[in-house]
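What follows is a single structure, written as structure tokens, with notes after it.
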Amino acid sequence: MAEENVTRKLTAILYADVAGYSRLTGEDEVGTHKQLSAGLDLISGAIKAKGGNVVHYAGDAVLADFGSVVAAVDCAVSIQRQLAESNAQVADDQRLQFRIGVNLGEVIVDRDDIYGDGVNVAARIESLAEPGGICVSANVHDQVRKKIDLLFEDMGEQQVKNITEAVHVFRIRLGEVPSQTPLAFPDKPSIAVLPFDNMSGDPEQEYFSDGLSEDIITLLSAWRSFPVIARNSSFAYKGQSRDVRQIAKELSARYVIEGSVRKSGNRVRITAQLIDAETGHHLWAEKFDGVLDDIFEIQDEITRRIVSLVEPQMEVAERKKAEAKRSSNLSAWDYYLRGRAHLHMVTPDDNAQARTMFEKAIELDPNYSDAFAGLSYTFQRDILLEVVEDRKAWENKALDAARRAEALDNGSSLAHLALSGAYIWSNQHEQSIAETRTAVELNPSNVHARLALGNRLDIVGASEEGIPLLEETLQLNPRDPHSHIYYGQLARAYINERNYDKALSCLRESLQRNPDYPHTYHILAICLGHLGRVDEAQEAARQCEQLRPGFMKKRANWNIYVDPAANQHLTEGLRKAGLLE
């Protein structure tokens, strides 16, 4: 009987809500309210202009309905584009961004309001959208896909809160054109970052745990080595207690990062772990503790530390899988990983093997930017190891391969870093530093790029900027297989600054990490010479010669610095040790 008095209608429902409103209000209540008011005015105007009706406002959310599905989607796109334009001059962390969900469904009409699953679905799929983004249900997608020139991404079936059946969702990619070359190797692994659990018992801390997960996704995406599952897909599992391997299967991810955040007073403990979804084994796990004097500073710091540790662990795991395969089954990705493994060994023979692996990867995939970057490194490594007869030819080969890598993927930090190295070997220092800075900007978690920038700044005489960068970055990834090289570079920078005691400490650390690297003994001989410890300096020289006969003679007049006086200072250390006449 009650059903006879219910008014129903089929309508297109648009639901918009502010992303991160509580955080923005906590930082600037008045400023955020002004932005919200302006945003709601903009949204209301767009809804009216497209023939829609604002049903109601609920704090920072707007509910509207349309008689046309096309009009609803067109309105959502118009809103996001207008908001993006108005946000262009606002700092990233102060922008008021809306998420929008659009659904087509039957609703109950009562007292100028609408109710029912049709509304609830619109609200739930809105939460799956990225800030500044739009998600639509499958029935909306089916109605508009041939009528509006938009790019849709299929997010698959999504289980959303308080809705019994899974909802098929599509994301609208606003004006997005894929900029990078499609992956040519289906076996290349992807990684999903699940929302970190808020273990604090304080709902207000939810934004911190969510923000941490989102930042990890963003920084991992900058690597471009591994495809990263989009935030809206992985966040669909927020609050669900499900088997990680099943989630990974649904997301088509080979690796999963999960973790938790526990706050007590002004201290926070964050745990993170990397899981191989194929086996369920934990590849890496660590705890991070911090003081919440500046919550965003500690969030940034821990995010960088997690990402800088995860990417190398994934590469190691993938390399082991590649090594277990027969040569006849290798893909371009596998050859690339094998090349990287040989490159890490820093010996002439391994370098030759690395070149062969990268060339085979390129043969299978001629558009493989990372493989061209690796190829460039092999030419640079030969120059470093001083095993080339025609150095100029090798400099040109390094430049050609690196330029090819950058041309194939201009957004790759690795490609820009390879090009910066090629420039430094050909004494084009200004171009080298510009490329290195670009590599760091593209991927702030690329430890090698940050260390390279510190080293190159020292070489051009900007040690005051280079040394702190080297010191800070060496703490981010203590397990880096090349860390002994970077400690040697830091030691050389300290020698250049006449701080021989700190240089000696770095050299001891370098030798502890790799006692068989001749370059370290060469720098150690210079440092000990300046300290007047002649016998020890001569012993260091003997160790160097034992590892690489003739190396000390080749480096007698080392011209690493742009400033001739700095080079002369290095030579003077050997002279004081009685190693030069």
query: Just a yes or no: is a residue in the stretch 464-474 out of contact with any Pro (no Cβ under 9 Å at 6 or more places or on another chain), open to solvent by 30 Å² or more (accessible area, probe 1.4 Å) and at pLDDT below 90?
result: yes
message: Pairs needed: first member in the stretch 144-166, under 24 Å from Q240 (Cα atoms); second member anywhere, part of a loop (DSSP other than H, G, I, E, B) and open to solvent by less than 50 Å² (accessible area, probe 1.4 Å); C-beta distance under 6 Å; at least 6 residues apart or different chains.
response: E157/A166; Q159/A166
- request: Kindly indicate whether E435 is among the acidic types (D, E), under 30 Å from K576 (Cα atoms) and open to solvent by 20 Å² or more (accessible area, probe 1.4 Å).
  value: no
query: For S505, are the conditions met, namely being open to solvent by 60 Å² or more (accessible area, probe 1.4 Å), in a helix (DSSP H, G or I) and among the hydroxyl-bearing types (S, T, Y)?
result: yes
- request: Using the structure shown, decide if Q143 is open to solvent by 50 Å² or more (accessible area, probe 1.4 Å) and assigned to a helix (DSSP H, G or I).
  value: yes
- request: Take the residues in the stretch 54-82 that are surrounded by fewer than 17 Cβ atoms within 10 Å (Cβ to Cβ) and in contact with a helix residue (DSSP H, G or I) (Cβ under 7 Å, 6 or more places away or on another chain), then tell me which one is farthest from D28 (Cα to Cα).
  value: V70
task: Identify, by number, the condition in (1) assigned to a strand (DSSP E or B); (2) farther than 30 Å from F208 by Cα; (3) open to solvent by 40 Å² or more (accessible area, probe 1.4 Å) that I13 doesn't meet.
output: (3)
statement: Restricting the stretch 236-277 to residues that are touching a residue at least 60 places away in the same chain (Cβ under 8 Å) and hydroxyl-bearing (S, T, Y), the one nearest to V167 (Cα to Cα) turns out to be S252
- prompt: Does I163 meet the test of being touching a helix residue (DSSP H, G or I) at 6+ places or on another chain (Cβ under 9 Å), open to solvent by less than 70 Å² (accessible area, probe 1.4 Å) and within 20 Å of L42 (Cα to Cα)?
  reply: no
- prompt: How many residues, within the stretch 146-155, are surrounded by fewer than 16 Cβ atoms within 10 Å (Cβ to Cβ) and either polar (S, T, N, Q) or over 19 Å from S78 (Cα atoms) (or both)?
  reply: 1
field: Search result, residues across the stretch 538-574 that are touching an Asp or Glu at 6+ places or on another chain (Cβ under 8 Å) and open to solvent by 60 Å² or more (accessible area, probe 1.4 Å)
entry: L547, K554
task: Pick out, from the stretch 300-419, the helices (runs of 4 or more DSSP H) lying fully within it that include 1 or more residues that are of a type in the set (K, R), without any contact (Cβ under 8 Å) to a residue 60 or more places away in the chain and farther than 25 Å from I485 by Cα.
output: 348-364, 391-408
Odd one out for A361, checked against (1) modelled with pLDDT of 90 or more; (2) open to solvent by less than 10 Å² (accessible area, probe 1.4 Å); (3) under 30 Å from D210 (Cα atoms): (3)
- request: From the list I433, I467, I495, I424, pick out the single residue that is assigned to a helix (DSSP H, G or I) and in contact (Cβ under 8 Å) with a residue 60 or more places away in the chain.
  value: I495
query: Looking at (1) open to solvent by less than 30 Å² (accessible area, probe 1.4 Å); (2) under 29 Å from R124 (Cα atoms); (3) under 18 Å from the mean Cα position of the chain (by Cα), which is the one condition that is false for A277?
result: (3)
task: Please work out which one of (1) in a helix (DSSP H, G or I); (2) polar (S, T, N, Q); (3) touching a Ser or Thr at 6+ places or on another chain (Cβ under 9 Å); (4) open to solvent by less than 60 Å² (accessible area, probe 1.4 Å) is the condition S260 fails and give its number.
output: (1)
- request: Confirm whether E85 is open to solvent by 50 Å² or more (accessible area, probe 1.4 Å) and either touching a residue at least 12 places away in the same chain (Cβ under 8 Å) or among the polar types (S, T, N, Q) (or both).
  value: no
- request: Could you check S44 against (1) more than 29 Å from Y207 (Cα to Cα); (2) of a type in the set (S, T, N, Q); (3) part of a helix (DSSP H, G or I) and say which number it fails?
  value: (1)
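The values are calculated or read from the model by the stated rules, or taken from the named source; none is laboratory data. In this text, all values refer to a predicted model and were calculated from it rather than measured experimentally. Every residue, glycine among them, receives a Cβ derived from its backbone with ideal geometry; neighbour counts consider all protein chains shown. Side chains included, ligands, DNA and RNA excluded: accessible areas come from the protein's heavy atoms. Shrake-Rupley method; radii C 1.70, N 1.55, O 1.52, S 1.80 Å.
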